[in-house]
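The values are calculated or read from the model by the stated rules, or taken from the named source; none is laboratory data. Everything quoted here is computed from the prediction, not taken from an experiment. As a convention, Cβ positions derive from the backbone with ideal geometry for all residues, glycine included, and neighbour counts pool all protein chains shown.
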Amino acid sequence: MSRLINVTGNIPKLFPTNSLVTGHSHISLRFYSGPHKEESFEEFTDRYVKFFDNVDDRFELQRGLNNCFAHDIVPAPSVIEASLKAARRVNDYSTAVRIFEGIKHKIDNENTYNQYLDELKPIKEELGIMTKEELGI
């Protein structure tokens, strides 16, 4: 998040006299949060598994999925498993199917996608979730 601070008033006092800004003017300054610690893949995985374990409504589930898939990495199978369990817990089958679509979109390689499906097969069967291809859609 960023904070927007509006600065108005006597601008020449804020900037050097050779500045192009003179007289009264309106300037918007953004202060972004400070430098962040780099998060390892394991920390990312733990954070999202914990998040999905505590999801109790569709909004939180979809918000978490949007945030998780917005990163430039493919979530670990344990994150996908936790998100699938959360989808079934909040009774949102369509989102569970879309989770597999998201994985397919994030992975360019068909072999890697099939490895994900193989690893997630037990949870798919336990929860009764099928992929879009299995549904014939």
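Tabulated data
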| item | result |
| --- | --- |
| Helices (runs of 4 or more DSSP H) completely within the range 35-137 that count 2 or more residues being buried (at least 16 other Cβ atoms within 10 Å of the Cβ) and either of a type outside the set (A, V, I, L, M) or touching a Lys or Arg at 6+ places or on another chain (Cβ under 8 Å) (or both) | 41-53, 58-70, 77-89, 93-106, 110-127 |
| Pairs with Cβ under 8 Å, 6+ apart, first in the range 110-121 and outside the structural domain of Ile99 (by TED's automatic domain parsing), second modelled with pLDDT under 95 and assigned to a helix (DSSP H, G or I) | none |
| Condition check for Gly64: modelled with pLDDT of 95 or more and on the phi > 0 side of the Ramachandran plot | no |
